[in-house]
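The values are calculated or read from the model by the stated rules, or taken from the named source; none is laboratory data. Computed from a predicted structure; not experimentally measured. Cβ placement follows ideal geometry from the backbone for every residue including glycine, while neighbour counts extend to all protein chains displayed. For accessibility, only protein heavy atoms count, side chains too; no ligands or nucleic acids. Shrake-Rupley method; radii C 1.70, N 1.55, O 1.52, S 1.80 Å.
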Amino acid sequence: MRLAERGYGPYRKLALIDLDITNPYFRSRERKALLEQKGVKVYGNAYEHEITAELPALGADIRAPLEDRDCRVIVDVGGNDTGALVLNQFLKYLGPEDALFLIVVNANRPETRDLEGATAHLEAIERKTGRRIDGVINNCHLLRETDAECVAKGHRLCEALCASAGRFLWCDCYPEGIVPEAQLAGQYEYLMPLGMYMRPSWIDR
């Protein structure tokens, strides 16, 4: 949505492809109406509406934005090596000269809570896809309990991962409205404020 607000740069269109067919929660396509209202075309499930049991069915039109040189495309993939497998059928569109591969790391998740786990996570995805991950995104959070130290904890882990694996730190995310930007300013090269658009109401009950 921030890209849509700022303009598409050399592109005339902006699209988001949701390839997460393994996780039934927090999928980008669940906010399709909001995203498309903001100028982001969403591609994903073959079904017009989400159904109770998620089926691994991708829409037939999913290749359209990848084949459109006038369209800037963000591909949202499941957050582990199994979820990344679905990328393999689209890799011909995602060559090193055309695409940037980024991995999101939350230091509060058990599988990526330390350097060993984060490295194993990165390497497992690379093995399954055969594609090198270029950069790392720090998204260390505890939902509404996130504080500045939580962001710093994730930053330290992601910096260590980048140094160890020879990658670069793309950005540090923080929940806008929960952690004041003033508490983070000057400590990070690039901060990405995030809204909580994906939170279902039952999380706060």
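As a summary of the residue check, residue 19 satisfies the conditions (1) crowded, with 19+ Cβ neighbours inside 10 Å; (2) of a type outside the set (Ser, Thr, Tyr); (3) modelled with pLDDT of 85 or more except for the one numbered (3). Could you list, in sequence order, the residues of region 145-165 that are open to solvent by less than 50 Å² (accessible area, probe 1.4 Å) and without any contact (Cβ under 8 Å) to a residue 40 or more places away in the chain? Those that are open to solvent by less than 50 Å² (accessible area, probe 1.4 Å) and without any contact (Cβ under 8 Å) to a residue 40 or more places away in the chain: 146, 148, 151, 152, 155, 162.
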